[in-house]
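A short write-up of the structure that comes next.
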Amino acid sequence: MNITEKILANASGKNRVSPDDVVFANVDKVMVHDVSGPGVIAVFEKLKKSGMKIEKLYNPEKVWVAEDHFVPAADKISAQNVVLLTQFVKDYGIRKHFKYGMGQYGICHTLSHEEAMVLPGEVYVGGDSHTNTTGALGAFAAGLGHTDVAYVLLNGKIWFKVPETLYFKLNGKMPDYVMAKDFILRIIGDIGTDGAAYKTMQFGGGGISEMSIEERLTLTNMTTEAGAKSGIIETDQKIRDYLAQRGATNYKEVRGDQDAQYAKVYEYEASELEPIVAKPFSPENVTVARDLSSTTLDKAYIGSCTGAKLDDLRAAAKILKGRTVKIRTEVLPAAISIFRKAMDEGLVKIFMDAGAMVGPPTCGACCGAHMGVLAKDEVCISTTNRNFPGRMGHVDSKTYLASPLVAAASAVTGKITDPRDLK
Amino acid sequence: MKGSVIKYERDNIDTDVILPGPYLKIHDYNELAKHAMEGIDKDFHKKVKPGDFIVAGRNFGCGSSREHAPIALAYSGIKAVVAISFARIFYRNAVDGAFLLPIEVDEDTYKDISEADQLEIETSKNEIRNLTKNKTYTMKPFPELIGKIIAAGGLFNYKP
């Protein structure tokens, strides 16, 4: 069995599972945020109305809560949702609640690794599609809707069809100015937005071993955009060190067997990769950044669980240092802990000296909700993950997806720019 | 199950157009219905009738995990979405929450069905009858577990 099959077999008390088997898997960790939390509360209310008694959760110790989509409160409804969520946390005895304005908080997927909320070998589900992100630690991580999360909260398990695994092998070391974002966009361009539908995308090879943890997280994060159920990378010493720095040493790693089966193996040479951009209106609509050098922009956005981790901010700062932005540029670190490290390393000063706006962690602009949405016909280059119509604001706005290096270089010129061409 | 067709001739109809991001803060199901399909069809809310079906191409419901998407469609009156394929979270949200039926058909069937056609869907026979065109199509049977969850009326009513 491969790692995903093994984790699901362990979690469902079976010796062996194969793709297409349906299992009820015991869940180790569950996450809800300020959108899916109130969604789950609405499901609880519906169940209660139908006569079901709900007094306690299956195990509140397995549950953690983030505030990220509509914080700082975008309006009265969003403010009320946080109040509702906070009451839910209190009513059901949940202890891990990362609250906006009270120390560490941030985007749920970023907290999942920054705070070691999820560990290797675990089954982790979250009320958000980018839950896949955390698979980079060597866990099975998948996004679910409100009904399914409510079911997990009350029963401690959920059904999964065991997915086939697509294996992406990266050979060699990534060239300068090329990032994991370029690699995952290239893959999505190759296989399409449903190219991994219902499947797991596993990454491995020398190129992945070379990659930092945060860069690996960019890969698993955007497996969602290829339709994948989950993304996963086997745990190595870098992960162990990363988790140890965050106080987590007690977990049971799972590794694939020598004869593990994969539905398909894709092989990429790192040396052949270059800066890639996904054009509107789909993450699969990719081309090399140099092809778009005449595209003029209104905004550069460096934010989200995909593109505002510490490595992403370091990359943007490398470009922006000593330069000035030509278009409106926003940098929103994905968690307060990352914001603090960026401040300590002098990155925030670099961004502000360049004229960029630095703001608090939030999903707001990435999902077109608040905190800097796009006007009609505005064009944005963004380190985020989706560029469907209306994703980041007006339905007639346009978003180009790119790495933090490309986004920062484009911020400097006002046009889509390959960082290698910046003078 | 009988109803008329609202057809979108496109693939990858994503959750950002089915129920745009700014409305994610709303959890009143009838309020969500007012914004269904707003990202590609401003008139959807006016034209949809109880019992209608949506017909679309590949990968319907891709994007976010928002259960708001099947909720908004169901509370608009949509009983089933007929598509070549579905994104996984939309599919399981539709089934586990018992909001609507995600029905998979082949490409020829998708192409043959037109806007405003009257369909009669009989899942027990895996059959879709096009009453307007006087034709019968085959739908892909539901996988075993999915069929059981649908028959139970959603995941919470299903006993493993």
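Here are some notes:
- Burial of 20 Å² or greater, the range A:36-58 residues [accessible area, probe 1.4 Å, versus chain by itself]: A:Ala42, A:Lys46, A:Leu47
- Across B:Lys2/B:Lys79; A:Lys14/A:Lys157; B:Lys111/B:Lys140; A:Lys29/B:Lys148; A:Lys46/A:Lys229; A:Lys181/A:Lys252, pairs whose alpha-carbon gap is larger than 18 Å: A:Lys29/B:Lys148; A:Lys46/A:Lys229; A:Lys181/A:Lys252
- GNM result for chain A, Cα springs below 10 Å: residue of A:Asp148, A:Asp28, A:Asp176 fluctuating most strongly: A:Asp176
- Filtered trypsin sites (Lys or Arg not before Pro), the range B:54-160: DSSP coil and at most 15 other beta carbons within 10 Å: B:Lys133
- Burial of 50 Å² or greater, the range B:4-22 residues [accessible area, probe 1.4 Å, versus chain by itself]: B:Asp16
- Between the beta carbons of A:Lys48 and B:Ala151, assuming R0 = 25 Å, the FRET efficiency works out to 0.60 to the nearest 0.05.
- A Cα-only calculation for the range A:1-90 places Rg and Dmax at 17.2, 51 Å.
- The protein assembly as shown - mean residue ellipticity at 222 nm from DSSP helices (-39,500 (n - 2.57) per run, n ≥ 4, rounded to 500): -8500 deg cm²/dmol
- Cα gyration tensor shape of the range B:2-157, rounded if a/c is under 1.5, else prolate or oblate by comparing a/b with b/c: oblate
- Shape of chain A, Cα gyration tensor, a/c cut at 1.5: oblate
- Each of A:Pro38, A:Gly51, A:Pro72 was scored by the projection of its Cα onto the charge dipole of the range A:1-76, and the greatest displacement toward the positive side belongs to A:Gly51; charges sit on the C-beta of Lys, Arg, Asp and Glu.
- Choice from B:Asp106, B:Asp43, B:Asp11 with maximal GNM fluctuation in chain B (Cα, 10 Å cutoff): B:Asp43
- Ligands, DNA and RNA left out, the accessible area of the range B:2-157 computed with a 1.4 Å probe is 47% carbon and sulfur.
- With the largest listed first and rounded to whole Å, the semi-axes of the equivalent ellipsoid of the range A:277-421 from the Cα gyration tensor are 22, 17, 13.
- Size of the B/A contact, given as accessible area buried on both chains, probe 1.4 Å, in Å²: 3500 Å²
- Cα-based reach from A:Lys341 at 13 Å (exclusive), listing aspartates and glutamates while leaving out same-chain residues under 8 positions away: A:Glu114, A:Asp311, A:Asp312
- Rounded to the nearest 20, the size of the Cβ-charge dipole of the range B:2-157 about its Cα centre is 220 debye, with Lys and Arg at +1 and Asp and Glu at -1.
- Å² of accessible area per residue within chain A, as computed with a 1.4 Å probe and no ligands counted: 35 Å²
- Full extension of the segment from B:Ser4 to B:Asp43, taken as 0.36 nm per residue of separation minus the current Cα-Cα distance, would add 12.4 nm.
- Among A:Glu378, A:Glu164, A:Glu55, the residue with the largest mean-square fluctuation in a Gaussian network model of chain A, with springs joining Cα atoms closer than 10 Å, is A:Glu55.
- Carbon + sulfur, % of accessible area of chain A - ligands and nucleic acids excluded, 1.4 Å: 48 percent
- Inter-label distance for A:Glu267 and A:Lys321, nm, one decimal - labels placed 7 Å from Cα along Cα-to-Cβ: 3.8 nm
The values are calculated or read from the model by the stated rules, or taken from the named source; none is laboratory data. In this text the structure is predicted, and so the values were computed from the model without any measurement. Reconstructed Cβ throughout: ideal geometry from the backbone, glycine too, with neighbour counts over all protein chains shown. Surface areas here come from the heavy atoms of the whole protein model, side chains and all, with no ligands, DNA or RNA. Shrake-Rupley method; radii C 1.70, N 1.55, O 1.52, S 1.80 Å.
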